[in-house]
Amino acid sequence: MTEQYHARPKLGQAEFIALIAMLFATIALSIDAMLPAISDIGRLLSPEAPNRAMLIIGAFFLGMGLGTFVSGPLSDAYGRKSIMMLGGGVYCAASLACYFAGSLEMLIVARVIQGIGAAGPRTVSLAMVRDMYRGREMARIMSFAMMVFMVAPAIAPLVGQAIIDIADWHAIFLAFVLFSLTSLVWLGLRQPETLARPDRIPLSPRTLLASAQDMFSHRIVVVTILIQALVMAVLVSLLSSIAPIFEQHFDRGVEFPYWFAMAAVFSAVGSFTNAKLVMTVGMRRVITITFAAVLAVSVATLGCLTWGDLSPTADFALFMIWMTSLFCMMSLTMGNLNALAMEPVGHIAGFAASIMAGLSTVLSVIIATPVSQAFDGSYLPLVLGAVIFLGLALALMALTRKPLSS
């Protein structure tokens, strides 16, 4: 049977957008639905050191970073659908391993493998959109998909908490399997392959090495990878410790999913704001101003925690303002940082996107882990880590204003 390529999918555009959004949402669900379970996992699997349970968040990010290194080049060589289906299969198998894990160590290893599997649909779905659409139409498709995707972080903790209330935290992993299988069946039955065999790029160590040398010859690529790693480290450390902070510091564990959802909605507002600002102010200025503003908020928060005498209500309000500023920062900077990095490497876009995403994600986990493990019942270590990371990111932004190296 002859395969059809570079044509509109047989599913309608609205259905295609929904499919892509669902593939994206696997990531948010896999991270945020686990947040309400961290304290329970710590009490059950690591009662002597409950902070270690926070590693299940970083473990998924680590696996996702490792998987991103290979999923892009593999999809260029073997086609989009096969790699997405393979990644989804790995994700489902790892989710079942998480369900049956009898120790924290086994759970962490399974979460790393789960992240590796999730990297397939995450990375390759972007390539699939690039295969089918160009220019403004591609941007339009991605904008609609991201609008749907941004709902996932808001509702994922609510879903996780509901599953815990009905069963227990183990059942969350069965929900992951069901969600992923739904998207894979949808993909397999409705979406044709988008990369024609003549357009596929065989895996070649020489070609990969030449592409890597080309990519890293551009200083802006190296600098933006480091900046993205620092920014993501703030996010990873926050997500790893946010549920214990609500439970132990504020005694608001039951309310956590609802406050988290509210902050996630503000993140969506940041995305819409960025779409307007970037066209008039420019990417570099948006990033720099955002870093400076959130750093100022973080320094002020650190000062209040260190020298202030806050009431419980004021303390909680301060934390919510600070946390929301971080979520908005992610919306206002990460897309722009990716765009800056891709400017000089458009001719190797698939390879470059995989390597940049993989490196920044792995580095962020390495940087964030000491911060999350320093949790002492308060959010002071988290704010201190954010001040350091954002200060470094802001300093590195100065290097992006210089001419690109040849």
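What order, most packed first, do the peptides 160-166, 65-71 have when packing is the mean number of other Cβ atoms within 10 Å of each residue? Intermediate results must be reported in sequence, preceding the final value.
Details: 160-166: 16.7, 65-71: 23.4.
Highest-to-lowest ranking by the protection proxy: 65-71, 160-166.
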Most packed first (mean Cβ within 10 Å per residue), the peptides 98-104, 295-301, 226-232 order as 226-232, 295-301, 98-104
So for the range 296-336, using the alpha carbon gyration tensor with a ≥ b ≥ c as root eigenvalues (a/c under 1.5 gives rounded; past that, a/b versus b/c decides prolate or oblate), I'd call it oblate
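Calculate the dipole size of the chain relative to its Cα centre from +1 charges on Lys and Arg beta carbons and -1 charges on Asp and Glu beta carbons; express the result in debye to the nearest 20.
1540
Can you put 57, 348 in order, fewest other beta carbons within 10 Å first?
With the sparsest Cβ surroundings first, the list reads 348, 57.
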Let me understand the chain better: what is its radius of gyration from the alpha carbons, and its Dmax, in angstrom? 20.8, 73
Under 8 Å for C-alpha pairs, at least 6 residues apart: give me the relative contact order for the chain, rounded to a whole percent. 26
Charge context of residue 306, other residues only, Cβ under 15 angstrom, K/R +1, D/E -1: -3
Per the C-alpha gyration tensor (a ≥ b ≥ c, the square roots of its eigenvalues), the range 1-203 is rounded if a/c is under 1.5, else prolate if a/b beats b/c, else oblate; here it's prolate
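Which value, in debye to the nearest 20, describes the size of the charge dipole of the range 1-203 about its Cα centre when Lys and Arg Cβ atoms bear +1, Asp and Glu Cβ atoms bear -1, and nothing else is charged? Don't skip to the answer; put the middle values down first.
Details: 15 positive and 13 negative charges, 139 e Å.
I would put it at about 660 debye.
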Highest-MSF residue in the chain out of 106, 64, 279 [GNM, Cα springs under 10 Å]: 279
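Which of the peptides 384-393, 309-318 is most tightly packed, and how do the rest follow, judged by the mean count of other Cβ atoms within 10 Å per residue?
Numbers: 384-393: 21.0, 309-318: 12.4.
Ranking the peptides 384-393, 309-318 by packing returns 384-393, 309-318.
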Mean ellipticity per residue at 222 nm, deg cm²/dmol - from DSSP H runs of n ≥ 4 across the chain, formula -39500 (n - 2.57): -27000 deg cm²/dmol
7 Å from Cα along Cα→Cβ at both residue 380 and residue 181: what's the point-to-point distance in nm? 4.9
Within the range 157-178, backbone nitrogen closer than 15 Å to the virtual label 7 Å beyond the Cα of residue 44 toward Cβ: 160-176
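Once you sort the root eigenvalues of the Cα gyration tensor of the range 145-272 as a ≥ b ≥ c, which label holds: rounded (a/c under 1.5), prolate (a/b larger than b/c) or oblate (the other case)?
Numbers: a/c = 2.47, a/b = 1.46, b/c = 1.69.
Since a/c reaches 1.5 but b/c is at least a/b, the shape of the range 145-272 is classed as oblate.
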Over the range 1-203, what relative contact order in percent results from Cα pairs under 8 Å that are six or more residues apart? 39
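To the nearest 0.05, how large is the calculated FRET efficiency for residue 199 and residue 167 if R₀ is 51 Å and r is the Cβ-Cβ distance?
Working from the Cβ atoms, E equals 0.65.
All of the numbers you see were taken from the coordinates with simple rules; none came from a lab. If you're wondering where the values come from, they're calculated on a predicted model, not measured in any experiment. Quick reminder, even Gly has a Cβ in these numbers, built from the backbone with ideal geometry, and neighbours come from all protein chains shown.
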